[in-house]
There are 2 protein chains.
Amino acid sequence: MAKRELPFQSRQEFHEEGHRVFLPHLSVDCVIFGFHNDALKVLLLKWKQGPWCLPGGFIKHRESIDQSANRILKERTGLDSIFLEQFYAFGDPAREKGKRVKGAWIGKRFITIGYYALVEYSQVFPQPDLLSSECRWWDVDEVPELIYDHKEIMNKALYTLRLSLNDHPVGYNLLPEKFTMPQLQKLYETILGEPLDRRNFQKQMLSLNLLIRLKERKTGGAHKAPFLYKFDKKRYSSALQTGLRISF
Amino acid sequence: MAKRELPFQSRQEFHEEGHRVFLPHLSVDCVIFGFHNDALKVLLLKWKQGPWCLPGGFIKHRESIDQSANRILKERTGLDSIFLEQFYAFGDPAREKGKRVKGAWIGKRFITIGYYALVEYSQVFPQPDLLSSECRWWDVDEVPELIYDHKEIMNKALYTLRLSLNDHPVGYNLLPEKFTMPQLQKLYETILGEPLDRRNFQKQMLSLNLLIRLKERKTGGAHKAPFLYKFDKKRYSSALQTGLRISF
DNA sequence: TTTTCAATGTGTAAGATATACACAATAGTA
DNA sequence: TACTATTGTGTATATCTTACACATTGAAAA
């Protein structure tokens, strides 16, 4: 997969010429969630010789905010057309405390629009960019110190995700095509931060009529082989429109 | 009450000098809801020789977005410290289609951050500003054509309000201090857009333990006098923190 | 090969919550 | 004084949520 780049050749050119391409004072930050090894993960970027931060970017002059967020997401993950939703705009004038890039457009006050994405972990090949040295998944419980107010942004995304669990079967976006009921349950438990009853969970999930149990079972585990399930895409799509309600 | 003004003496000065005071490309629009005569209302502004629009404004360089929204709200209603919440940022580059103020900072592409407010109708004294000729309440079912994407913004606010009804006893903000159970029910019915059962509604509302029934009854109506209620402020505050759940 | 282990698959009863529903009381109006 | 439209109130049913235990099985260990 080709490495994707900013439309600039160097950090300096980006700082000097960014204002021609991007709207000033505005950025987009993405909280990209994945699920792996029974843990909820978030994709973070490390600035060269700097702290970790959320993958973000800027809004081009003739681009919608959604398009910007999709572009940024694609640059970091290689994915497009996955679940991506705006959740809040952060704009405390003190949020860049500590940032000192005098003069440059990037040194100005920024208001950032937060998006959260749900992606399938195994499909993602994290990509750093010109300004960053590393891009990798972190367990949400173990994220390091983040720059500016990015921890706050992440927490608000997590909170939003928790709420949206009720009207949105997030498993569809976060799990691989075929998955087991215990996996699905772990996902819910991780997002909600509390354990759920196995039998009741299964009952509720199946009662939504969105899951199809496959003939196969998942082998390789050390114990009894669980069934595999997949989402019924047709029902899933129409359920999203009607709006569904799950509660725990 | 003194008329509140923009920090400019004229429309022209505002257009020419606005960029010194405000962040470019960014605005805030408020969907201000009130409740009166059993109907949900929204406060709209009419541009001089132009269409109706949501009351909005711009973000000062050293002001948080919340502060901007509060300022704008105060300018239009005279109220402060009422319920005001950010709900979405709108930024389609085509949203200003039809707007033609060449050259001026205000003619640029704008991304607007939407807030919705819940206010007590009787407390509000609508104030037009330099740029507008009129400011008044409209029944949400009867709002006229609005400028740009303001109708979309209003609809999203309405949708958000509908959802937030579940974790937020909106009556506290929209109704006068003393109100009747039928009034409260009408409010819910209006927001939800569907009729509710009188007995079940009352049962649920009272079961929240947020209401205090007063000795007085409301007189003047043509029929049996209903009791008056008020919110139990203490319980209300603590319930908001714990998060409460109402469902219909 | 057998035993052990830890996880999976499954149903029912009790409790809580939501829904459906009807008649007596009353304040103002005619 | 009678009428009318609105308010106040309780119960039975259905639905949904919760709590809970044992037999099965695949792999690993003995």
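Every number here is computed from the coordinates shown, using simple stated rules; none is lab data. Everything numeric here is computed off the predicted structure, so don't read it as measured data. Quick reminder, even Gly has a Cβ in these numbers, built from the backbone with ideal geometry, and neighbours come from all protein chains shown.
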- line: Per the rotation taking chain B to chain A, min distance Cβ-to-axis on chain B (residue, whole Å) equals B:ALA89, 2
- line: Sorted shortest first, the nm distances from the B:ASP66 label point (7 Å along Cα→Cβ) to its counterparts in the other copies are 2.9
- prompt: By how many nm would the segment from A:LEU214 to A:SER81 grow when fully extended, if each residue of separation counts as 0.36 nm and the alpha-carbon distance is taken off?
  reply: 45.3 nm
message: Could you tell me the relative contact order of chain B? Use alpha-carbon pairs under 8 Å, at least six residues apart, and round to a whole percent.
response: 22
- request: Compare the Cα positions of A:GLN241, A:GLN183, A:ILE212 along the charge dipole of the stretch A:177-242 (+1 at Cβ of Lys, Arg; -1 at Cβ of Asp, Glu; about the Cα centre) and return the one farthest towards the positive end.
  value: A:ILE212
field: Size descriptor, Kirkwood hydrodynamic radius, that averages inverse alpha-carbon separations across the protein assembly as shown, Å
entry: 25.3
Among the listed pairs A:LYS234/B:LYS108; A:LYS46/A:LYS218; A:LYS203/B:LYS203; B:LYS151/B:LYS215, those beyond 32 Å (Cα-Cα): A:LYS234/B:LYS108; A:LYS46/A:LYS218; B:LYS151/B:LYS215
- prompt: Relative contact order for the stretch B:171-242 using alpha-carbon pairs under 8 Å, separation at least 6, rounded to a whole percent?
  reply: 34
message: If I take R0 = 25 Å and measure r between the Cβ atoms of A:LYS224 and A:ASN166 in this structure, what FRET efficiency does the formula 1/(1 + (r/R0)^6) give, to the nearest 0.05?
response: 0.20
message: What percentages make up the Cα-Cα pair-distance distribution of the stretch A:177-242 when the bins are 5 Å wide from 0?
response: 3, 16, 23, 25, 21, 9, 2, 1, 0
task: Scan chain B and report its longest stretch carrying no trypsin sites (Lys or Arg not before Pro) that are both in a DSSP loop and have at most 11 other Cβ atoms within 10 Å.
output: B:103-223
- line: Exposed-loop cut sites defined as GluC sites (Glu not before Pro) in DSSP loop states with at most 13 other Cβ within 10 angstrom; longest site-free run of chain A spans A:6-144
field: Pseudo-label separations to other copies for A:GLN12 - Cα-to-Cβ vector, 7 Å, nm
entry: 4.6
task: Using Cα positions and a limit of under 20 Å, work out the aspartates and glutamates in reach of A:LYS74, with same-chain residues fewer than 8 apart set aside.
output: A:GLU5, A:ASP29, A:GLU63, A:ASP66, A:GLU85, A:GLU120, A:ASP129, A:GLU134, B:ASP92
query: For A:TYR115, B:TYR159, what ranking results if the residue with the fewest other Cβ atoms within 10 Å of its Cβ goes first?
result: B:TYR159, A:TYR115
Label geometry 7 Å along the beta-carbon vector: A:LYS151 inter-copy distances in nm: 4.6
field: Cα long-axis angle, helix A:150-164 against chain A (0 to 90 degrees, to the nearest 10)
entry: 30
